[in-house]
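Trainee: Please read through the structure below; I'll follow up with questions.
Values in this text are rule-based calculations from the coordinates and carry no lab data. The shown structure was predicted, so the numbers you read here are calculated from the model rather than taken from an experiment. Note that each Cβ is placed from the backbone with ideal geometry, even for glycine, and that neighbours are counted across all protein chains shown.
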Amino acid sequence: MEPAEYALISILVPYIVSGIVLLLGYLRVKWSIIAWIGSLSIGLSSIASFLALAYLHGEEYNRVVYRWVPGLHVDFALRVDMLSAIVGLVVAVLSFLIGLYSIEYIGSWGAVRYWFLYTFFVASMLLLVYADNLVPLFIGWEGTGLSSWGLISFYYDEREEAWVGDPGRTRLGIPMWFTPTHSGLRALGFTRVGDMGMIVGMGVIYALLGTTSITELLENSTHLITQLGDITAIWIILFYLGALAKSAQFPFHEWLVTAMTGPTSVSALIHAATMVKAGVFFALRFTPAIALGAVAVKGLGLNVFEAFTWLSLLTAFATATMAIVARELKLILAYSTASQLSYMLAAIFAAAAAGEPALGTLGGLSHLVSHAVFKAALFLAAGAAIHAVHSRFITDMGQLRRLMPLTFASMLLAGLSLSAIPPFSGWWSKDIVVHAINMISANAALIALFTAFLTAAYTARMIYYVFLWPHKPHGHPHEPGKLMLYPYLVLGIASLALGIFWPNIEYYIAEAATIHEFEQIKFIVIGGTVVGFAGFSIIGVYIVNPRVFAFVEKSTVLIAIRDFLYDRWLLNPVIYRIIVLPSYAFSKSLYVFEQLFDRLVHMGTAWIGQIAMRISGVTELAYDDSLHIKLVRVASSWSSFIRSLQSGDIRSYITYLISGVILVVIITYIVVG
């Protein structure tokens, strides 16, 4: 079999099983059977994805094409190259491990709904990754969005334990807590805004190239940029808008941080391995070709990639500052995800703006793989901790190191990788990212390094409060069952193992980036190592003095800064004040106008009908009176007059005759002449 055919299997199996799950649910099959079938189907996808990578055999790419809509030149086509093969394998394997975790974590409540959405989500993500046509890619893209909405809103009973934010907290009059259904709608709404621009961008490609084939787009990017000309920058913004929204770039990061209302397994799935990586994958897939095409045509559009770089750096820095003061365990990790995604995109865009997109692909893909592993471990371990203490707040935890030692070990290993401590995988990939960012500006690289310091600091703070803080935790914490424990233990160890064997792994990533040698900048390597250790060393400060930052409570200015960061730079209330509430008021006004117009139309119609009925009645009475009474009377009178002339007297008749003759003669004389 060809690699692309294995990719097709990896997509079809979970799609088919999602339908089987619904059938089994209708037949009321035991939930555990449904859960195992759903999880194992993704295991089969993992095997197929591995074979797709293994059988690529150094080919540039392998395709499979099925005619679909010939009239529009739209095919169902899949493409396996090193990029899609690596990302597809990461998606499938991590989704399988998270699926195993989910069997125990989810249990029976909503099992059919969960496993239908879960398998459908994974299949859609794999379709997105392997697609070689913009239409199937978009179907997979929207499939992940639809199923993520259902998974984020999974707890439709609005249980408070699943909320994000402090109940009752408001800023600028806007509530700062979010229920599952609210968060699900936010995710759907924010990402759809970006998708509208993406659709327009795809439409422009079809209009100019006459095809939706991704391979043809990659091969004809120079021709495309030439035809776009002066509107290249506008097209790039529209085309990438969906990716920026999906991967939570400022201000779209708001949907991601409140998406923590879903089960923790969903958070791991969406925020580590799959959905949020879709935007990064989109950038990895298209940016090198578009950037090289732009370079060939007088650099058209490269300034947009530079602007994107600064936007990503802003997102990375902003969300890292939010994580520094956050109290919710999953929310800290959500901020971290947005920050790390921004690292990846900044590397891709910076290298593209500098005319060296291959280095951006190397940095972005390296960090995608590294981050997927350690962030999945962190989320799954966080879910175990939250489940153990029955609280989502780190201030309700503490001393879990002794009660949950394997969970602590897993989270520590993954946390060290997130903090970019050598020799963990995050250390390698972060330095490549910063090197790529340095290509547009040394100041940009310094911002990235400072953000790395903040990353290590909030990671250390998180681990301290959860596992080391001398505070009696809620409940009776203990290690979870093996199905929950082993997946994140394996991923935690993998965070270290990937780092140890990174030079070997990097060979395949470099092949995907079509780059085999690059000179790393020493100050970045040394600087990255220093800021990583410096940031993580805050854990020692906490251990020595748990109340080291108590002075913040004594300063009005520091409290204001802390609250500003805690409330996400006030972006959420500003969005609601400027966009959501005015839009709601406008839509409500339109509704009132529609109701008024509807009443006027129907009341006016009724009034006209009543007048018409009255006119009809009066007309009918007049007509009836004229026809049946007045006309009869006239006819009767005329008849009486005629009868009166018939007297029977011969003299009267002779008089009539003579009078008639005389009248005829007079008329004839007048007429003739």
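Trainee: Can you tell me how the stretch 469-551 classifies by the Cα gyration tensor, rounded, prolate or oblate, using a/c under 1.5 as the rounded cut?
Mentor: It comes out oblate by the Cα gyration axes.
Trainee: Checking understanding here: applying a Kyte-Doolittle mean of at least 0.5 and a length along the axis of at least 30 Å (C-alpha), which whole DSSP H helices in the chain pass?
Mentor: 3-26, 31-54, 82-106, 180-209, 302-325, 329-353, 357-389, 442-463, 650-672
Trainee: For q values of 0.10, 0.12, 0.15, 0.23 Å⁻¹, compute log₁₀ I(q)/I(0) with the Debye formula on a Cα-only model of the stretch 574-665, without solvent.
Mentor: -0.65, -0.75, -0.85, -1.09
Trainee: Give, as a single signed number, the net charge of other residues whose beta carbon lies under 11 Å from the beta carbon of Leu341, with Lys and Arg counted +1 and Asp and Glu -1. Kindly include the intermediate steps, with their values, before the conclusion.
Mentor: On the way: positive: Lys246, Lys277, Lys375; negative: none.
That works out to +3.
Trainee: While we're looking at this one, here's another question. Can you tell me which lysines have their Cα less than 27 Å from the Cα of Lys554? Leave out same-chain residues fewer than eight positions away.
Mentor: Within reach: Lys472.
Trainee: Hey, another quick one. For Glu517, Glu553, what's the fewest-to-most ordering of other Cβ within 10 Å of each Cβ?
Mentor: Result, fewest neighbours first: Glu517, Glu553.
Trainee: Could you check the simple spin-label distance between Ile9 and Phe593, using points 7 Å along Cα→Cβ, in nm with one decimal?
Mentor: 5.9
Trainee: Additional query: According to the square roots a ≥ b ≥ c of the eigenvalues of the Cα gyration tensor, what is the shape class of the stretch 234-566, taking rounded for a/c under 1.5, prolate for a/b larger than b/c otherwise, and oblate for the remainder?
Mentor: Values: a/c = 1.81, a/b = 1.61, b/c = 1.12.
Because a/c hits 1.5 or more and a/b exceeds b/c, the stretch 234-566 counts as prolate.
Trainee: With +1 on each Lys and Arg Cβ and -1 on each Asp and Glu Cβ, and nothing else charged, work out how big the dipole of the stretch 234-566 is about its Cα centre, in Debye to the nearest 20. List each step's numbers first, then the result.
Mentor: Values: 18 positive and 13 negative charges, 162 e Å.
It works out to roughly 780 debye.
Trainee: Sequence neighbours fewer than 8 away in the same chain don't count; with that in mind, list the aspartates and glutamates whose C-alpha is under 17 Å from Lys630.
Mentor: Glu620
Trainee: Return the calculated 222 nm mean residue ellipticity for the chain, to the nearest 500 deg cm²/dmol, obtained by summing -39500 (n - 2.57) across DSSP H runs with n ≥ 4 and dividing by the residue count.
Mentor: Computed ellipticity for the chain at 222 nm equals -24500 deg cm²/dmol.
Trainee: Taking a threshold of 21 Å on the Cα-Cα distance, which of the pairs Lys246/Lys330; Lys375/Lys430; Lys330/Lys375; Lys277/Lys430; Lys277/Lys330; Lys430/Lys482 fall above it?
Mentor: Among Lys246/Lys330; Lys375/Lys430; Lys330/Lys375; Lys277/Lys430; Lys277/Lys330; Lys430/Lys482, the Cα-Cα distance tops 21 Å for Lys430/Lys482.
Trainee: Counting trypsin sites (Lys or Arg not before Pro) as exposed when in a DSSP loop with at most 13 other beta carbons within 10 Å, what is the longest stretch of the chain free of them?
Mentor: Answer from the scan: 299-546.
Trainee: Sort Ser640, Ser342, Ser41 so that the residue with the fewest other Cβ atoms within 10 Å of its own Cβ comes first and the one with the most comes last.
Mentor: Ser640, Ser41, Ser342
Trainee: Is any residue of the stretch 323-358 close enough, with backbone N under 13 Å, to a label point placed 7 angstrom from the Cα of Ile237 along the Cα-Cβ axis, and if so, which?
Mentor: No residues fall inside that zone.
Trainee: Shifting gears a bit: Report the one residue of Leu485, Asn443, Ala77 whose Cα lies farthest in the direction of the positive end of the charge dipole of the chain (charges on C-beta: Lys and Arg +1, Asp and Glu -1; origin at the Cα centre).
Mentor: Checked the options; the winner is Leu485.
Trainee: Suppose every K and R has +1 on its Cβ and every D and E has -1 on its Cβ; what is the size of the dipole of the chain about the Cα centre, in Debye to the nearest 20?
Mentor: Using Cβ point charges on Lys, Arg, Asp and Glu, the chain gives about 1740 debye.
Trainee: May I have the convex hull volume per residue, in Å³, for the Cα set of the chain?
Mentor: In the chain, the Cα hull volume divided by residue count equals 299 Å³.
Trainee: Based on the alpha-carbon gyration tensor of the stretch 297-378 and its eigenvalue square roots a ≥ b ≥ c, which shape applies: rounded if a/c is under 1.5, prolate if not and a/b is larger than b/c, or oblate?
Mentor: It is oblate, given that a/c is not under 1.5 and a/b is not larger than b/c.
Trainee: Between Thr395 and Ile33, what is the spin-label point distance in nm, taking each point 7 Å from the Cα along the Cα→C-beta axis?
Mentor: So the label points at Thr395 and Ile33 sit 4.9 nm apart.
Trainee: In a shell of Cβ-Cβ distance under 15 Å around Lys472, excluding Lys472 itself, what net charge do Lys and Arg (+1) and Asp and Glu (-1) give?
Mentor: Charge balance in the 15 Å sphere: +1.
Trainee: So, one more: Show me the three semi-axes of the equivalent ellipsoid for the stretch 141-239, from the C-alpha gyration tensor (sqrt of 5 times each eigenvalue), largest first, rounded to whole Å. Spell out each step's value before the answer.
Mentor: On the way: eigenvalues 330, 52, 13 Å².
After diagonalising the Cα gyration tensor, the semi-axes are 41, 16, 8 Å.
Trainee: Further, regarding this structure: Quick check on the exposure proxy: order Trp115, Trp310 from fewest to most C-beta atoms within 10 angstrom.
Mentor: Exposure proxy ranking, most exposed first: Trp310, Trp115.
Trainee: Would you mind listing how long the stretch 28-151 runs along its three principal axes, going by Cα atoms, in whole Å with the largest first?
Mentor: 44, 34, 21
Trainee: For Asp157 and Arg192 in the same chain, what is the full-extension length gain: residue separation times 0.36 nm, less their Cα-Cα distance, in nm?
Mentor: On the way: separation 35, 0.36 × 35 = 12.60 nm, distance 2.50 nm.
Contour length minus the Cα-Cα distance gives 10.1 nm.
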